[in-house]
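A.B. asks: Please read through the structure below; I'll follow up with questions.
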Amino acid sequence: MKSVKEKPTNKTHSDQPSERYNPKNLEKHWQKYWAEIGLDRTPQPEKDQKRFYALSMFPYPSGSLHMGHVRNYVITDVIARLHRMRGYAVLHPMGWDAFGLPAENAAIDRGIMPEDWTNQNILQMKSQLNKLGLSIDWDREQATCHKEYYKWTQYLFLELYKAGLAYQKEATVNWDPVDQTVLANEQVDSEGNSWRSGAKVEQRKLKQWFLRITKYSEQLLNDLDELNGWPDKVKTMQANWIGRYKGTQISFALSINKNESIKVFTTRPDTLYGVSYIAIKADHKILDQITDNDQIQKINNFRHQLAKRKAYKRDYSDKEMLGIKIDLEAINPINGQKVPIWLANYVLAEYGTGAVMGVPAHDERDFKFANKYNINITKVIVSEDTSDGDNPCFTGEGKLINSDHLNGKDSNEARNLIVEFGEKDGWAEIKQKYRLRDWLISRQRYWGCPIPIIHCKECGVVPVKTEDLPVELPKEIDIKQKGESPLRSNRNWSSVKCPKCNKKAIRESDTMDTFMCSSWYFLRFADPTNNNLPYSKGFIDSWLPVNQYVGGIEHAILHLLYSRFLTKSLKDIGLHSISEPFSRLLTQGMVQGITYKNPKTGKYIPIAKITNPSNPTDPDTKDHLITTYEKMSKSKYNGIDPASVIDKYGADTARMFILFKAPPEKDLEWNDADVEGQYRFLTRIWKLVDSVCTKISKDKDYLSTSKSDSILVKDLNKNEVSVRRSIHSAIKSITEDLDINLQFNTAISELMKLTNAINEHFDLLGIPILKEGTTTLIKLLAPFAPHISEELWQKFSNTESVHLVNWPDYDPEAIISQTVQLVVQVKGKVRGKLEISLNMSNTEIEKIALESDIAKKWLEGSKPSRVIIIPNKLVNLVP
């Protein structure tokens, strides 16, 4: 392989082969050298050279690197280094997901601007990342908060707007009363709490910007089948979130105006005879039919009541269910009966049709509501299983009753008949629906990408001209205020001239959801210096999709789904040709630390205050503490500062531990003893190479005759054959573990086996085998522990970086054992085993078996009457 640039004569950091392993100075030396020669820059691919794009989910610049970061980035780095050594042109960039409320709130607390806080943290974290020896191309670095980047985020928004995929509408939204901003449905947990602040989310009606992700529901779902390199768990999570389901849409005409109807969606049309009421959302359009002032006031009061409550949930208790009956009735199309209409808070405004048919005898939610408000309950299905008894709310399938001519038919048959009749009569229609809702991107805070729209009284909504991008965030602004967006109240920024009519207008004051910025950054990395477009089609089509993406499972829905949507929509707009952003996905597990908790008070106790780990007690209350492993966090006092590990053991040890302790997709439990174990292992390799170099230097015959290091297999002794088998078995196994299985822990185990094999036979090995074994070991170690590998590689008088040499190929012949274990049976029982040469003749096998100690012991001097031989497997000595 070619080096990055002409390499000057370079000495090892130590210069003395016997010097002790000192990672601190050694690692600084090689990091400086790699930077000088541009080792990690993305090369211009040569003709027909394969390309590989390795990418970690970029971090939010909090200012502190934690062990979760280390695990993520080291995994990706190993993969990138492997492919670089295998001859690929490798793109391995890094950036910063830098907008968002955490930075804004942190800046407010410190009395500075978010930009200053963020840039300071980026510098600090970049320094921390560099200490890990990551092979990142920093020339391609991007930060979403820098105008050079968000100019193109705005450009892409305008492209989506022109394509009809970005729109503004008034909607009931999730309002975080603490952070004073809108949240997407995905950012509200099952208890109605904000994912960031933890506050109970309220419902408000505001004009908001959305992206029409629902247009891609079918594609997003179907194309999951093409993602063979994704974990099934992630694909299932996305499929469930998109939520495709089939059912029947039924129209219930209003009794006062049969030209108006309420459409409900149901998967159980077989229960249609049991409809007792229709429940609708509080802002259903059918309410426009009401003209009575008292009714209107009643409805408005109900809406106000709901606005004060927490955001919707999928499961309400009886007490949480609220409803009011209104002066409208609907007609059940199956039997012509009138049914009352209720407003109900359990009808999810953003899902289905905003109306449900209430069948309390066969739906638990409807049953709770009907019982609370004394609504009639009519049973229309009974179970065929007598063990169900007289269940007042039977939700299964069975035989129909109280259903006119359908009585006695089973649910499935009745369902088909009702739908068939309804389709002919015009009130039923088979529908396919999705739970996925359009992506709400509006945020009412300062620290985000401004939406490039201008509102004009004359012209309406007007996009900012491309040549006027970026719409920059103002520097002079009070970001402390709550309620109204800080941008809206900054008149110097918000007041502009309309691009169309040149009259007074107002800028859009909402900023974009940070996921908008982080759902296309992987595209920019392929063409980071383009000043005319966010990226060129040619670069995207040649580098993407990302070959290996690495990040946490917590991003399975939001970030990954949005990234897939933007990739598909931007393809349709014509900006590139790829349909999916990431070919292969690895979701690494969490890093957990030992945690001490007082079960009585619920308080976590810092590790530093634990005097007796085998019997931990609360230093204040003396209560016995529970000891567990939990995700590292400041609040649990169980975090490990990566800098402390690097300072004590070196970055290579930290990398080795984080990769060896557990399979990458599993949670990892931090243990200081295991870290020490990896340091000792690297020290053993250091000593091994030192011993090999010393042996070479003392072999005057080898040095004076300039013997070739080429190996003739026929000249190898038994020990050399065994070690050579270990060398090539390690190459094969480690290559498969890194390239196919992504099992870094088992790969490191193979490194340990190879090290042990060389050490075990050291004194019986010739220099060619020793050199092959140790140089191969160094090359195999290089992706995991790049600094010590570079140092040891140079000890063999190599002038090119080990990270630029070819990854070793295994010799299939070498891993075939030349000996076999022969089972020896005497009197029909296994008495032992003998190691013999492969394919030995029966005559030779018989001779060796009879002369063995096994035969002498069990035959007791007698000769066998028969000798039965199965070649390469067994010899049976029959007395």
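A.B. asks: Set the bar at 32 Å for Cα to Cα. Now go through Lys433/Lys568; Lys246/Lys409; Lys47/Lys568; Lys281/Lys431; Lys235/Lys409; Lys147/Lys504 and name every pair that lies beyond it. Display every interim value, and only then the final one.
C.D. replies: On the way: Lys433/Lys568 20 Å; Lys246/Lys409 22 Å; Lys47/Lys568 29 Å; Lys281/Lys431 20 Å; Lys235/Lys409 39 Å; Lys147/Lys504 26 Å.
From Lys433/Lys568; Lys246/Lys409; Lys47/Lys568; Lys281/Lys431; Lys235/Lys409; Lys147/Lys504, over 32 Å: Lys235/Lys409.
A.B. asks: In Å, what Kirkwood hydrodynamic radius results for region 485-557 from the alpha-carbon pair distances? Mind showing how you got there, number by number?
C.D. replies: Working: mean 1/r = 0.0626 Å⁻¹.
It works out to 16.0 Å.
A.B. asks: Kindly report the accessible area of region 397-537 per residue (heavy atoms of protein chains, probe 1.4 Å, no ligands, DNA or RNA), in Å².
C.D. replies: Details: 6660 Å² over 141 residues.
It amounts to 47 Å² per residue over region 397-537.
A.B. asks: Given a 1.4 Å probe and the protein chains all in place, what does the accessible area of Lys856 round to, in Å² to the nearest 10?
C.D. replies: The value for Lys856 is about 130 Å².
A.B. asks: Taking only protein heavy atoms into account and a 1.4 Å probe, give the accessible area per residue of region 643-759 in Å². Mind showing how you got there, number by number?
C.D. replies: Values: 5280 Å² over 117 residues.
Spelled out: the 1.4 Å probe surface of region 643-759, per residue, equals 45 Å².
A.B. asks: Could I ask something else about it? Could you order the peptides 428-436, 405-413, 97-105, 537-545 from most to least packed, using the average number of other C-beta atoms within 10 Å per residue? Don't skip to the end; give the middle numbers.
C.D. replies: Values: 428-436: 16.2, 405-413: 14.6, 97-105: 23.3, 537-545: 17.8.
The peptides rank, most packed first, as 97-105, 537-545, 428-436, 405-413.
A.B. asks: Classify region 387-436: rounded, prolate or oblate, from the alpha-carbon gyration tensor (a ≥ b ≥ c, eigenvalue square roots; a/c under 1.5 rounded; otherwise prolate if a/b is larger than b/c)? Could the numbers behind the result be given before it?
C.D. replies: On the way: a/c = 2.95, a/b = 1.39, b/c = 2.13.
Taking the square roots of the gyration eigenvalues as a ≥ b ≥ c, region 387-436 is oblate.
A.B. asks: While we're on this one: Kirkwood hydrodynamic radius (Cα pairs, Å) of region 237-313?
C.D. replies: On the way: mean 1/r = 0.0647 Å⁻¹.
This gives a value of 15.5 Å.
A.B. asks: Using the structure shown, list the pairs from Lys338/Lys372; Lys32/Lys475; Lys28/Lys732 with a Cα-Cα distance above 25 Å, or answer none. Mind showing how you got there, number by number?
C.D. replies: Details: Lys338/Lys372 21 Å; Lys32/Lys475 37 Å; Lys28/Lys732 32 Å.
The answer is Lys32/Lys475; Lys28/Lys732.
A.B. asks: Could you tell me what % of all Cα pairs in region 132-172 have separations over 14 Å?
C.D. replies: On the way: 540 of 820 pairs.
For region 132-172, the fraction of Cα-Cα distances above 14 Å is 66 percent.
A.B. asks: Can you give me the % of accessible surface on the chain that is carbon or sulfur? Probe 1.4 Å, all protein chains present, nothing else counted.
C.D. replies: Numbers: 18830 of 40110 Å².
After summing per-atom areas, the C and S share lands at 47 percent.
A.B. asks: Would you work out the Kirkwood radius for region 150-271? I mean one over the mean of 1/r across all pairs of different Cα atoms, in Å. Present the calculation step by step, with values, prior to reporting the outcome.
C.D. replies: Working: mean 1/r = 0.0546 Å⁻¹.
About 18.3 Å for region 150-271.
A.B. asks: Across 5 Å bins from the origin, how do the percents of Cα pairs in region 575-644 run, short distances first?
C.D. replies: Percent of Cα pairs in each bin: 3, 14, 21, 16, 10, 7, 6, 4, 6, 4, 4, 2, 2.
A.B. asks: Now a separate question. Rounding to the nearest 10 and keeping the result within 0 to 90°, find how far the Cα-based axis of helix 23-37 lies from the longest principal axis of the chain.
C.D. replies: Result, in degrees: 70.
A.B. asks: Multiply the residue gap between Ile256 and Asn717 by 0.36 nm, knock off their C-alpha separation, and tell me the result in nm, one decimal place. Write out the running numbers ahead of the final one.
C.D. replies: Values: separation 461, 0.36 × 461 = 165.96 nm, distance 10.05 nm.
155.9 nm is the gain from fully extending Ile256 to Asn717.
A.B. asks: What is the Cα radius of gyration of region 317-462 over 2.2 N^0.38 Å, N being its residue count? Let's see the in-between values first.
C.D. replies: Working: Rg = 21.6 Å, N = 146, 2.2 N^0.38 = 14.6 Å.
Cα Rg divided by the expected 2.2 N^0.38 Å: 1.48.
A.B. asks: For region 442-523, just say rounded, prolate or oblate: build the C-alpha gyration tensor, square-root its eigenvalues into a ≥ b ≥ c, call rounded for a/c under 1.5, and beyond that prolate if a/b exceeds b/c, oblate if not. Write down the numbers at each step before the final one.
C.D. replies: Working: a/c = 2.00, a/b = 1.19, b/c = 1.68.
Because a/c hits 1.5 or more and a/b fails to exceed b/c, region 442-523 counts as oblate.
A.B. asks: On the first, second and third principal axes, largest extent first, how far apart are the outermost C-alpha atoms of region 100-173 in Å?
C.D. replies: Principal extents (largest minus smallest coordinate, Cα): 47, 33, 20 Å.
A.B. asks: For the chain, what size does the Cα cloud have along each of its three principal axes, sorted from largest down, in whole Å?
C.D. replies: Principal extents (largest minus smallest coordinate, Cα): 110, 79, 67 Å.
A.B. asks: Here is a follow-up. Could you state the principal axis extents of the C-alpha atoms in region 741-802, from the largest down, to the nearest angstrom?
C.D. replies: 34, 29, 15 Å, listed from the longest principal axis down.
A.B. asks: Could you give the nm distance between label points at Thr799 and Phe762, where each point is 7 Å from its Cα heading toward the beta carbon?
C.D. replies: Simple spin-label model gives 3.1 nm for this pair.
A.B. asks: Classify region 420-573 from the C-alpha gyration tensor, please: rounded if a/c falls under 1.5, else prolate or oblate depending on whether a/b exceeds b/c. Before the final figure, lay out each step's value.
C.D. replies: Values: a/c = 1.79, a/b = 1.22, b/c = 1.47.
Oblate.
A.B. asks: As a test question: what accessible area, to the nearest 10 Å², does Lys368 have when a 1.4 Å probe is rolled over all protein chains in place?
C.D. replies: The value for Lys368 is about 60 Å².
A.B. asks: When all alpha-carbon pairs of region 55-113 are counted, what percent fall beyond 18 Å?
C.D. replies: On the way: 847 of 1711 pairs.
Percentage above 18 Å: 50.
A.B. asks: Can I ask one more? At q = 0.15, 0.17, 0.22, 0.23 Å⁻¹, what log₁₀ I(q)/I(0) does a Debye calculation on the Cα points of region 524-581 give, no solvent, two decimals?
C.D. replies: -0.47, -0.59, -0.92, -0.98
A.B. asks: If Tyr60, Tyr446 are ordered by their accessible area, calculated over protein heavy atoms with a 1.4 Å probe, which sequence runs from highest to lowest? List each step's numbers first, then the result.
C.D. replies: Numbers: Tyr60 70, Tyr446 10 Å².
Accessible-area ranking of Tyr60, Tyr446, largest first: Tyr60, Tyr446.
A.B. asks: Still on this structure, please answer the following. Place a +1 charge on the Cβ of each Lys and Arg in region 526-635 and a -1 charge on the Cβ of each Asp and Glu, then give the dipole magnitude about the Cα centre in debye, rounded to the nearest 20.
C.D. replies: On the way: 12 positive and 9 negative charges, 51 e Å.
Once rounded to the nearest 20, the dipole reads 240 debye.
A.B. asks: Need the full-extension length gain, Lys480 to Asp327, defined as separation in residues times 0.36 nm minus the C-alpha distance. One decimal, nm.
C.D. replies: On the way: separation 153, 0.36 × 153 = 55.08 nm, distance 4.67 nm.
My answer for the length gained is 50.4 nm.
The values are calculated or read from the model by the stated rules, or taken from the named source; none is laboratory data. Just so you know, these numbers come straight off a predicted model, no measurement behind them. Glycine also receives a Cβ, built like all others from the backbone with ideal geometry; neighbour counts cover every protein chain displayed. Side chains included, ligands, DNA and RNA excluded: accessible areas come from the protein's heavy atoms. Shrake-Rupley method; radii C 1.70, N 1.55, O 1.52, S 1.80 Å.
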